[in-house]
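**Q** This is the structure I have questions about; it appears just below.
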Amino acid sequence: MSPATSPAEPLVSVRDLVKSFRVSGGTVRAVNGVSFDVARAETVGLVGESGCGKSTLGKTILRLIDPDSGSIVLAGAEIGRLSRSALRPHRRRMQMIFQDPYASLNPRITVGRLIQEPMDAHKVGTVAERKDRVVWLMERVGLRPEHAERFPHEFSGGQRQRIGIARALALNPDLLICDEPVSALDLSVQAQVLNLLVEIQEEFKLSLLFISHDLSVVAHLADRIMVMYLGHIVEIGTRDAVWDQPLHPYTRALISAVPRLDPDEERPTKIVLTGDLPSPMDPPAGCPFHTRCPVAVGRCSSEMPALRVLADGSQVACHLVTG
Amino acid sequence: MSAILEVRDLRTEFRSEAGTAQAVDGISLLVGRGETLALVGESGCGKSMTGLSLLRIVPKPYGHIVGGEIRLDGRDLLKLPEAAMRQVRGNEVAMIFQEPMTSLNPVFTIGNQIVEAIQTHRDVGKAEARRLTVELLDQVGIPDAGRRLDDYPHRLSGGMRQRAMIAMAISCKPKLLIADEPTTALDVTVQAQILALLRRLQDELEMGMILITHDLAVVAETASRVAVMYAGRIVENGTVREVLRHPRHPYTQGLLQATPHARKAGGTRRKLAEITGLVPSLYDMPPGCAFAPRCPKAQAVCRSTVPTLAVGGGNVACHFPG
């Protein structure tokens, strides 16, 4: 399987990535043979419902979790199997922003130290230069540098997310993986953080892998959208293609279920899926979606569809989609 | 419209060492039979506290309902003795929450809990209550209801637990259902299922519904009228179409422009409008309009005089509505 690559050499190239976990009672294949690219300065939205493996995929690319097999190429270097020490120089190229910055920020350390810490760890510049950069970063993300001596709990949720962003930017990364970064925020604060992410992405030419369950946010931000179901990528395409003409039956159901803000907007007919997500411990044979698919045929329950490249460059894993 | 619920000037306070907060600061609402009214706003705006006040279950010892009228079919619930109020709760007015485990007890089976709810309000035997329970579980779309009856809540998925809670809430065919963020914790396909279920049940039971949510898109798809809340007060109300298409309060306008939604095909990524600053502390409210410190149109009068809905012509509490 060889998905179409972006015209220039992609920043990230993931191939056949697999990550499983042993849990009581069996094994969960959270990421099950995933392949995709992220171009430089591109925003890729990764969507899917709880338990589809999207967070595990993000953490595995960053090597916060080790993959079972498959390859992760970052800026031309294979990092999927590197040892911890060999991985070190590559680490600074990629950073992560989490949903709950409070959980990822040590509560006993001042905000200034938190932002400086990655630079200390990688011995970037002189101590004085690091301190200057902390001030610069705090201003850049909209925090007041005179608050550097405060602790995380003294900040609001939106401000804490800004701290997380400043810390992620400290080492000038190429790739930012954002895992539900605005899900816990109120709307007015969410807009501030989303705008900040867009600004810094453009300014720093960052590649963004934006993981979210909120399709409206992803449709607002992303250049391309990737849809995951039970550990598999079922569709990848440009934002316009996936949002306006979804091809995979799961994507169609997902997009149709998104509530629309404009009362006069023409709504796609809602495709209401029946049943629950199958247990990831005991996924169905054949296509992972066939048990809930409204158009499944006999072949779907026995044969796993490959992620195929269509004429327009979209990729879909469904026996029934041709083109 | 025959109103099932009419709320006038409802006031709920929180009293603590920090001072007194007007969590619900003079709210008036009207819900028609079979109609859905959405109460929308951000964290801390008082929308959930309004829901709890309607059932007189504000958290003790800090919360106190200090004024107003809550007329259910003409009868003022605030004047009822507690014993009579217990007959209203769960029977005439029911409430569901974001987290089903708020209402479901983990140590009893789903069936036991619904049977108990039915027997609390209706004079039926155990066998009949059990039969009704199977019917209810079936009605809310729980497959294999006869067997699911004997499951404990933790055995069900999030969506199924939400259905079980809804089954319990409608077990006595309430006139009014208060749904507090009923789909916020759910995935989007399950959210669509639950919203469709609520609409169907509402039709079948001719139930009035108050949908409490932070999500304007859910409002657009579910409610017929909407009241936008800010800092304990209603700042704008009207039909969903009016308010979402032609918002007049600067806060409503700000919320709508801050909401991410898909750009048109081929369009470029635009900046979302931001509402600067933060919601004021309820313990330290500005003297005039609560939104004035964040409002791009605020004038001197906004900082001194609280605008009432009447000021803006009945639907918008703003001195300078758009």
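**Q** Search the range B:205-217 for residues being in contact (Cβ under 8 Å) with a residue 40 or more places away in the chain and part of a helix (DSSP H, G or I), and hand back the single one that is farthest from B:VAL7 (Cα to Cα).
**A** B:ALA217
So that you can scan it fast, the table gives a plain yes or no per residue for (1) within 21 Å of B:LEU37 (Cα to Cα); (2) of a type in the set (A, V, I, L, M); (3) at pLDDT below 95; (4) surrounded by fewer than 17 Cβ atoms within 10 Å (Cβ to Cβ):
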{"site": "B:ARG147", "(1), (2), (3), (4)": "no, no, yes, yes"}
{"site": "B:PRO153", "(1), (2), (3), (4)": "no, no, yes, no"}
{"site": "B:LEU176", "(1), (2), (3), (4)": "yes, yes, no, no"}
{"site": "B:ALA179", "(1), (2), (3), (4)": "yes, yes, no, no"}
{"site": "B:MET209", "(1), (2), (3), (4)": "yes, yes, no, no"}
{"site": "B:ILE212", "(1), (2), (3), (4)": "yes, yes, no, no"}
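**Q** I'd like to know if the range A:261-275 contains one or more residues that are crowded, with 18+ Cβ neighbours inside 10 Å and under 24 Å from B:VAL40 (Cβ atoms).
**A** Within the range A:261-275, one or more residues are crowded, with 18+ Cβ neighbours inside 10 Å and under 24 Å from B:VAL40 (Cβ atoms).
**Q** Let me ask something else about it. Among the strands (runs of 3 or more DSSP E) contained in the range A:19-97, which hold 2 or more residues that are charged (D, E, K, R) and touching a Ser or Thr at 6+ places or on another chain (Cβ under 8 Å)?
**A** Passing ranges, in order: A:26-38.
**Q** Just wondering, is there one or more residues in the range A:198-216 that are under 20 Å from B:ALA192 (Cα atoms), among the aliphatic types (A, V, I, L, M) and within 14 Å of chain B (Cβ to nearest Cβ)?
**A** For the range A:198-216, residues under 20 Å from B:ALA192 (Cα atoms), among the aliphatic types (A, V, I, L, M) and within 14 Å of chain B (Cβ to nearest Cβ): present.
**Q** Let me ask something else. Got a sec? Which helices (runs of 4 or more DSSP H) wholly within the range B:56-145 have at least 2 residues that are within 25 Å of B:ILE27 (Cβ to Cβ) and out of contact with any Pro (no Cβ under 9 Å at 6 or more places or on another chain)?
**A** Fully inside the range B:56-145 and qualifying: B:82-88.
**Q** Conditions first: (1) acidic (Asp, Glu); (2) out of contact with any Cys (no Cβ under 9 Å at 6 or more places or on another chain); (3) more than 8 Å from chain B (Cβ to nearest Cβ); (4) not in a loop (DSSP other than H, G, I, E, B). A:ASP240 passes all but one, so which condition is the exception?
**A** It is condition (3) that A:ASP240 fails.
Condition check ((1) surrounded by fewer than 24 Cβ atoms within 10 Å (Cβ to Cβ); (2) at positive phi; (3) not β-branched (Val, Ile, Thr)) across all residues:
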| position | (1), (2), (3) |
| --- | --- |
| B:ALA18 | yes, no, yes |
| B:SER28 | yes, no, yes |
| B:GLU35 | yes, no, yes |
| B:LEU39 | no, no, yes |
| B:GLU42 | yes, no, yes |
| B:CYS45 | no, no, yes |
| B:ARG56 | yes, yes, yes |
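**Q** In this structure, is A:GLY58 surrounded by 14 or more Cβ atoms within 10 Å (Cβ to Cβ) and under 25 Å from A:THR238 (Cβ atoms)?
**A** Yes, satisfied.
**Q** Still on this structure: Quick test for you: out of B:ARG71, B:ARG56, B:ARG89, B:ARG8, pick the one residue that is under 18 Å from the mean Cα position of the chain (by Cα) and farther than 29 Å from B:THR252 by Cα.
**A** Answer to the check: B:ARG89.
**Q** Which one of the conditions (1) touching a strand residue (DSSP E or B) at 6+ places or on another chain (Cβ under 8 Å); (2) over 18 Å from B:ALA262 (Cα atoms); (3) part of a helix (DSSP H, G or I) does A:CYS178 fail to meet, given that it meets all the rest?
**A** The number of the failed condition is (3).
**Q** Got a sec? Which of A:LEU273, A:LEU247, A:LEU261 is part of a loop (DSSP other than H, G, I, E, B), more than 7 Å from chain B (Cβ to nearest Cβ) and at negative phi?
**A** Every option except A:LEU247 fails the conditions.
**Q** Further, regarding this structure: Find all pairs meeting these conditions: Cβ atoms under 7 angstrom apart; at least six residues apart or on different chains; first residue within the range B:260-282 and at the interface with another protein chain (Cβ under 7 Å from one of its Cβ atoms) and touching a residue at least 24 places away in the same chain (Cβ under 8 Å); second residue part of a loop (DSSP other than H, G, I, E, B) and surrounded by 17 or more Cβ atoms within 10 Å (Cβ to Cβ).
**A** Every condition considered, the pairs that remain are B:HIS261/A:LEU261.
**Q** Here's something else I'd like to know. Within the bounds of the range A:111-121, is there any residue that is not in a helix (DSSP H, G or I) and not polar (S, T, N, Q)?
**A** Within the range A:111-121, none of the residues are not in a helix (DSSP H, G or I) and not polar (S, T, N, Q).
**Q** Is there any pair linking a residue in the range B:228-247 that is away from every other protein chain (no Cβ under 14 Å) to one that is crowded, with 19+ Cβ neighbours inside 10 Å and among the basic types (Lys, Arg), with Cβ under 9 Å and at least six apart or on different chains, and which?
**A** Close Cβ pairs (under 9 Å, with a partner that is crowded, with 19+ Cβ neighbours inside 10 Å and among the basic types (Lys, Arg)) amount to B:GLU236/B:ARG248; B:ASN237/B:ARG225.
**Q** May I pose another question? Kindly establish whether A:ALA166 is closer than 30 Å to B:CYS45 by Cβ and either within 14 Å of chain B (Cβ to nearest Cβ) or not in a loop (DSSP other than H, G, I, E, B) (or both).
**A** Answer is yes for this residue.
The values are calculated or read from the model by the stated rules, or taken from the named source; none is laboratory data. Because the structure is predicted, anything quoted here is derived from the model rather than measured. Quick reminder, even Gly has a Cβ in these numbers, built from the backbone with ideal geometry, and neighbours come from all protein chains shown.
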